[in-house]
Amino acid sequence: MTATQHQESSETLVESAPRSGSPLEGRARFEAEALVHLDAMYSFALKLSRSRDDAEDLVSDTILRAFERWEQYRLGTNIRAWLFTILYHVFVSRKRRIDAREVQATDETEGWGAFEPVGELNPEARFYETFLDAEITSAIDNLPDEYRAAVVLSDIHELRYAEIAHILGVPEGTVKSRLFRGRRILQKKLVGYAMDMGYIKSVPEAA
């Protein structure tokens, strides 16, 4: 969905939403503050749902709920985090209705111990600079939901731990744990790819 399509869809939703105070002022402020984040919202929704249609529905529902709750938003604070919080809650509510299964992920303890970075101290950084790469996108999409949301918010949207914790409704410690585990899973899956791309190389065995 393009930014223009997002804009047209969102304007229709805003028109149908209830308003308080001055309708024109309220809508103008909402559009100026919120609608500029449509692409980021769609990107987050797509990573969560892994379906373009579902992502569009999530964004639409989020825009409508955000406008309905516009008076709760404090101007000058991080509106993108506020919007992501609403979007994530919409996603979770839908998921619970569709699938009540809890995500169970095994404890991933293997990291980069047998490898060393090539040219950089942190090979993760170079991975996340090329998120459009099919290998990496697929690996992220296949993460368990809890880890995927944390990784996307942190490493793609660059939100702080406190903001991610608020969005996901969990303590900061849980955010850090999910990020650690999610990144470990990505590392394990992408070691072969990283070696092919020259991001890391095998550490020679000691004689």
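The values are calculated or read from the model by the stated rules, or taken from the named source; none is laboratory data. All of these numbers come straight from a predicted model, not from anything done at the bench. Cβ: placed from backbone, ideal geometry, glycine included. Neighbour counts: every protein chain shown.
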_Residue match in the range 62-82 (condition: at pLDDT below 65 and in a helix (DSSP H, G or I))_ = no
*Hey, any hits in the range 34-43 for a residue that's of a type in the set (Phe, Trp, Tyr) and either assigned by TED's automatic domain parsing to the domain that holds Leu143 or more than 21 Å from Ala149 (Cβ to Cβ) (or both)?*
no
*Is there any pair with a first residue in the range 30-58 that is closer than 11 Å to Leu87 by Cβ and a second that is among the acidic types (Asp, Glu) and surrounded by 15 or more Cβ atoms within 10 Å (Cβ to Cβ) whose Cβ atoms are under 6 Å apart and which are 6 or more apart or on different chains, and what are they?*
none
*Just give me the residues in the range 158-174 being surrounded by fewer than 20 Cβ atoms within 10 Å (Cβ to Cβ) and not in a helix (DSSP H, G or I), in sequence order.*
Glu158, Arg160, Gly169, Val170, Pro171
*Give the residue that is farthest from Leu83 (Cα to Cα), with candidates limited to residues of the range 175-191 that are among the hydrophobic types (A, V, I, L, M, F, W, C) and buried (at least 19 other Cβ atoms within 10 Å of the Cβ).*
Val191
*Give the residues of the range 83-98 that are more than 17 Å from Phe67 (Cα to Cα) and among the hydroxyl-bearing types (Ser, Thr, Tyr), sorted by residue number.*
Ser93
